[in-house]
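Structure record follows, encoded as structure tokens.
Only the coordinates and a few stated rules stand behind these numbers; no lab work does. From a predicted model like this one, the values you see are computed outputs, not experimental measurements. Every residue, glycine as well, gets a Cβ built from its backbone with ideal geometry; the counts of neighbours run over all protein chains shown.
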Amino acid sequence: MTNPWRGEVTLVIDGQPQVMRLTLGALAGLETALAEPSLVALVERFEQGRFSSTDVLAVLKAGLAGGSCAFDADHLDHADIAGGPMGAARAAAELIARAFVVPEA
């Protein structure tokens, strides 16, 4: 079950729900992988719509690692993602948002 208070987002990959979460370590890895100097710059990149499919995959892979999923993140490149590319982009944006915003009660 997804817990938004922990920053969790569920994405259905190959027909199986996977709970993802961006931990501080995952965010640090994203800064490096996406060549951003800070967390603020990373968030702004997504808020301004300046992200690529490579960025979306990087966020989802970080979320899978942070969520301690048994799913092999390298398989994500060829997996069937519910909602297709838009579903993947939506989940990536939601992961970033939930990492920095407390959900409404």
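Worth a mention:
- Total charge dipole magnitude, the chain, about the Cα centre, Cβ charges on Lys, Arg, Asp, Glu only, Debye to nearest 20: 200 debye
- Interchain or long-range residues, amide H under 5 Å from Thr10's placed H: Met20
- Our estimate of slack between Ser52 and Asp72, defined as 0.36 nm per intervening residue step minus the Cα-Cα distance, is 5.0 nm.
- Rounded, prolate or oblate (a/c below 1.5 giving rounded, otherwise prolate when a/b exceeds b/c) for the range 56-105 by Cα gyration tensor: oblate
- Each of Phe100, Ala58, Phe71 was scored by the projection of its Cα onto the charge dipole of the chain, and the greatest displacement toward the positive side belongs to Phe100; charges sit on the C-beta of Lys, Arg, Asp and Glu.
- Look at the alpha carbon pairs under 8 Å that are at least 6 residues apart: their mean separation over the length of the range 4-100 gives a relative contact order of 42 percent.
- Restricting the calculation to alpha carbons of the range 4-100 gives Rg and Dmax of 12.0, 36 angstrom.
- Projecting the Cα positions of Gly15, Val40, Gly87 onto the charge dipole of the range 4-100 (unit charges on Cβ atoms of Lys, Arg, Asp and Glu, taken about the Cα centre) puts Val40 furthest along the positive direction.
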